[in-house]
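The values are calculated or read from the model by the stated rules, or taken from the named source; none is laboratory data. The structure displayed is predicted, hence computed values, not measured ones. Neighbour counts run over all protein chains shown; Cβ positions are idealised from the backbone, glycine included.
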Amino acid sequence: MQTKTVLLLFSAALLFSFSFLEGAYAAEKLTLQQSIDLALSQSVLIQSAREGVRGAEAQKQEAFTGFLPKFSTSYSYTRLNEQPTSTVTLPSLPSTRPFTMPVGTQDNYTWAIEVKQPLFTGGGIVANYQANRIGTDIAAMDEVTVVQDIVQDVKVAYFSVLKAERLLVVAIQSVEQLEAHRKMAQDFFDAGVIPRNDLLRAEVELASGRQNLVKAENSLEMAKSKFNTVLRREINTPTELEDILALKPFTKSLYDCQVIAMENRSEIKSYTLKVEQSKKIVNLTKSEYFPTINAIGHYERFGDTPGVSGTLYKDQENWYLMGVASWNFWEWGRTKNRVDASRSRENQMAYALDNVKDQVRLEVKNAWLTLHEAEKQLAVTQKAIEQAEENYRISRERYQEQVGTSTDVLDAATLLTRAKSDYFNALSDYNISLARLERAMGAKEVSP
């Protein structure tokens with residue numbers, strides 16, 4: 001009995017602990033900043049962009065090696081079909097027959113090491129390094145762009161969940177109002193005060209309200225699924241968010257917003273760097289007009305055995321220093337065509353930069369106008385809620401006193417639901433538009 005009692009107490013304590021932990025976990029709500037941090041840490045797009053930065057850095061280091069000497073070595077074996085010989089005739093003894101003597105070895109082993117240092121390449125090595133160095137900056141800007149896109153996606157998904165929660169509350173309140181009205185209509189019908197048609201309409205409106213409630217519940221689940229997907233969490237993860245859906249005054253002018261965007265947008269910086277990089281590539285191709293000069297140091301060892309220890313006919317080792325100048329002075333316009341092609345790519349980048357600037361200005365203006373449109377709608381819809389609530393109260397009281405109709409109450413309830421929905425739609429649209437304006441201006445957060 002004592003053992004059973006101890007087990008029961010232990011089980012009860014364990015269940016209580018689990019319940020407490022579950023309640024604590026459920027009570028914990030994600031903040032917007034926590035959501036952003038989680039998305040940034042989990043994003044495969046950021047990981048991909050960072051790999052791009054690492055790759056660009058490696059290419060820059062590779063280009064730097066063009067300034068340094070190159071070392072190479074080789075080991076070869078050559079076997080002749082026969083040993084080299086030479087036929088000799090002694091002039092002093094014309095009666096003597098010519099005789100043959102060996103002058104080389106049939107087996108030949110050679111080991112060589114060579115160092116080559118570029119002295120002049122027409123600026124090609126410098127231009128190639130500069131182009132790749134700019135490439136690392138472009139990759140860094142691309143990573144910034146990905147980060148800003150993810151921050152915007154998190155904000156939009158976050159506020160969409162809050163919007164769906166508010167609209168669900170409105171749908172629940174609407175059903176409660178319609179249920180109360182249907183109960184009142186049922187009481188009046190049972191008392192013979194109203195006709196059956198009034199009761200039927202109340203029941204139809206209640207069924208429609210419940211259908212809208214189901215839609216609101218589904219919309220909330222879809223918004224949470226989208227939020228979890230943006231954060232790369234399991235799609236069905238329970239989601240509780242800190243409610244920060246509120247009006248945040250924004251006073252910057254459209255001109256100020258566009259100026260900030262021109263200075264901060266990573267896309268503009270990236271294309272500006274691409275224009276600069278294309279200029280370096282033009283210099284790289286133009287370097288082929290010039291000769292190249294290299295200093296070469298060569299050392300080799302020779303022998304008739306794998307140990308390259310020399311032979312009777314040739315010294316064991318040999319070395320030399322050499323300066324080599326080479327110039328391809330005629331290739332039927334190949335270099336000119338390559339230079340023309342690289343200049344065309346430079347012009348393309350310049351035109352693309354102008355287009356990006358135009359698109360940024362348009363994006364900022366659209367976001368700024370949408371933000372202020374939502375702000376104006378907030379003032380209108382907030383006043384509409386007050387009016388709709390008063391209208392619903394009066395219509396309900398008149399119906400209770402049987403000086404108003406059921407239609408008046410249902411219409412007033414519909415207007416009130418619509419007014420609340422319009423308000424929360426405008427409030428969430430304002431916050432989403434602010435997030436998009438911040439993204440258009442190239443900043444995670446923008447002060448009013």
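Descriptive notes on the structure:
- The selection criterion, being within 30 Å of Ser41 (Cβ to Cβ), aliphatic (A, V, I, L, M), loosely packed, with under 15 Cβ neighbours inside 10 Å and without any contact (Cβ under 8 Å) to a residue 40 or more places away in the chain, holds for Ile235.
- Residue in segment 31-89 that is nearest to Val115 (Cα to Cα), counting only those that are of a type in the set (Val, Ile, Thr) and either in contact (Cβ under 8 Å) with a residue 60 or more places away in the chain or in a helix (DSSP H, G or I) (or both): Thr65
- Hits in segment 376-397 (condition: polar (S, T, N, Q), surrounded by 17 or more Cβ atoms within 10 Å (Cβ to Cβ) and within 27 Å of Lys183 (Cα to Cα)): Asn391, Ser395
- The combined condition, being touching a helix residue (DSSP H, G or I) at 6+ places or on another chain (Cβ under 8 Å), assigned to a helix (DSSP H, G or I), in contact (Cβ under 8 Å) with a residue 12 or more places away in the chain and within 30 Å of Ser41 (Cβ to Cβ), is fulfilled by Ala223.
- Scanning segment 319-367 for residues that are under 19 Å from Ile293 (Cβ atoms) and touching a helix residue (DSSP H, G or I) at 6+ places or on another chain (Cβ under 8 Å) gives Asn328, Thr335.
- None of Gln186, Gln152, Gln173 is surrounded by fewer than 21 Cβ atoms within 10 Å (Cβ to Cβ), within 30 Å of Leu247 (Cα to Cα) and in contact with a helix residue (DSSP H, G or I) (Cβ under 7 Å, 6 or more places away or on another chain) except Gln152.
- Filtered residues of segment 404-430 (kept if hydroxyl-bearing (Ser, Thr, Tyr) and in a helix (DSSP H, G or I)): Ser406, Thr407, Thr414, Thr417, Ser421, Tyr423, Ser428, Tyr430
- Residue in segment 289-302 that is farthest from Arg338 (Cα to Cα), counting only those that are buried (at least 18 other Cβ atoms within 10 Å of the Cβ) and of a type outside the set (Lys, Arg): Phe302
- Some residue of segment 246-263 being in contact with a Phe, Trp or Tyr (Cβ under 6 Å, 6 or more places away or on another chain) and surrounded by 12 or more Cβ atoms within 10 Å (Cβ to Cβ): yes
- Test: residue in segment 115-125 that is of a type in the set (Phe, Trp, Tyr) and either buried (at least 17 other Cβ atoms within 10 Å of the Cβ) or closer than 25 Å to Asp243 by Cα (or both): no
- With respect to being out of contact with any strand residue (DSSP E or B) (no Cβ under 7 Å at 6 or more places or on another chain) and either more than 30 Å from Leu30 (Cβ to Cβ) or at pLDDT below 95 (or both), Met184 fits the description.
Rundown of residues vs (1) of a type in the set (Val, Ile, Thr); (2) in the same structural domain as Gln377 (by TED's automatic domain parsing); (3) surrounded by fewer than 18 Cβ atoms within 10 Å (Cβ to Cβ), yes/no style:
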{"residue": "Tyr399", "(1), (2), (3)": "no, yes, no"}
{"residue": "Gln402", "(1), (2), (3)": "no, yes, yes"}
{"residue": "Leu410", "(1), (2), (3)": "no, yes, no"}
{"residue": "Asp422", "(1), (2), (3)": "no, yes, no"}
{"residue": "Ala426", "(1), (2), (3)": "no, yes, no"}
{"residue": "Asp429", "(1), (2), (3)": "no, yes, no"}
{"residue": "Ile432", "(1), (2), (3)": "yes, yes, no"}
